[in-house]
Structure formats: C-alpha cells, structure tokens
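Colleague: One structure follows; several queries about it will come next.
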Amino acid sequence: MAKDTRLVYSTDPALNKKCAKCKELVSECICVADVDVKTYRFIAILRIEKAGRGGKIVTVIDRLPKNELFLKNLTTLLKKKCGSGGTYLMDGQDGVIEIQGDRREMIRQALAKEGIQSKG
C-alpha cells in the first residue's frame, strides 16, 4: 500500500484493528513504543524555571524515560514527598516532570531513594 493512500473500507478483520492509544488503524499507527525503564540508562536533570509561568517557580526534572506509567507513578511520588502540585509531559524524545516551587533538594533525596541518578 502506498504512503499517500488511506484505507477506507475492508472486510478483512486484521486490517480493521485500531491502535488503543491513537485510535488509528494499526497499519497507519503513529504511536511511539514505550521505553523499558529497567533497561534504559538515564540521569535525571533538575532545573528551576520561571519564564512563561507568571513569575512562579517550577522545578523541572528532564531526560526521563518516555514511559507513561513510569512518569505517572514518579510524578505522584514526588508530589506527595514535596507536598505540592505537578504534572508530567511526554514531549520530544524524553519525559519531563514539573513540580511547583523550588523543591530540588527534596526531589534529589526522593530520586536517590528510588535509585535514580540526578544532576543539577
């Protein structure tokens, strides 16, 4: 099948399967496969940002594996340890966690307890 065409109708059930994430046909799926966290080697980069947030300071943890379940669980853990709000993003090729406020010391300790190396 050529790249500039799109399947409209088929009686073959194998061709009609849809991806669970993007809801596209499996043959036209654009999803990126999740990274296995256990085999993926990474060092989390910590920094604070203020630009574009109305003067509020946010601690950003960058270069994390792009695995939604891992990011969700780590974000929940860090939010509870820091006692503040936050979110996770899966932009580009890496995962990013944002925690409200300058909480770098608490985050460093929590990451070390989880066995994750960090810089910054």
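Colleague: Tell me which residues, restricted to region 32-55, are modelled with pLDDT under 75 and either among the hydroxyl-bearing types (Ser, Thr, Tyr) or loosely packed, with under 12 Cβ neighbours inside 10 Å (or both).
Modeller: Val32, Ala33, Asp36, Lys38, Thr39, Tyr40
Colleague: Quickly run through region 80-120 and pick out the residues that are of a type in the set (S, T, N, Q), closer than 18 Å to Lys56 by Cα and either outside any loop (DSSP other than H, G, I, E, B) or touching a residue at least 40 places away in the same chain (Cβ under 8 Å) (or both).
Modeller: Answer for region 80-120, where residues must be of a type in the set (S, T, N, Q), closer than 18 Å to Lys56 by Cα and either outside any loop (DSSP other than H, G, I, E, B) or touching a residue at least 40 places away in the same chain (Cβ under 8 Å) (or both): Thr87, Gln100.
Colleague: Just wondering, is there one or more residues in region 70-83 that are of a type in the set (A, V, I, L, M), modelled with pLDDT of 90 or more and under 19 Å from Cys31 (Cα atoms)?
Modeller: Yes, region 70-83 has at least one match.
Colleague: Just to check your reading of the model, which residue among Leu46, Leu77 is over 14 Å from the mean Cα position of the chain (by Cα) and either assigned to a strand (DSSP E or B) or under 30 Å from Val8 (Cβ atoms) (or both)?
Modeller: Among Leu46, Leu77, only Leu46 is over 14 Å from the mean Cα position of the chain (by Cα) and either assigned to a strand (DSSP E or B) or under 30 Å from Val8 (Cβ atoms) (or both).
The values are calculated or read from the model by the stated rules, or taken from the named source; none is laboratory data. Worth saying up front: this structure is predicted, and the values here are computed from it rather than measured. Neighbour counts run over all protein chains shown; Cβ positions are idealised from the backbone, glycine included.
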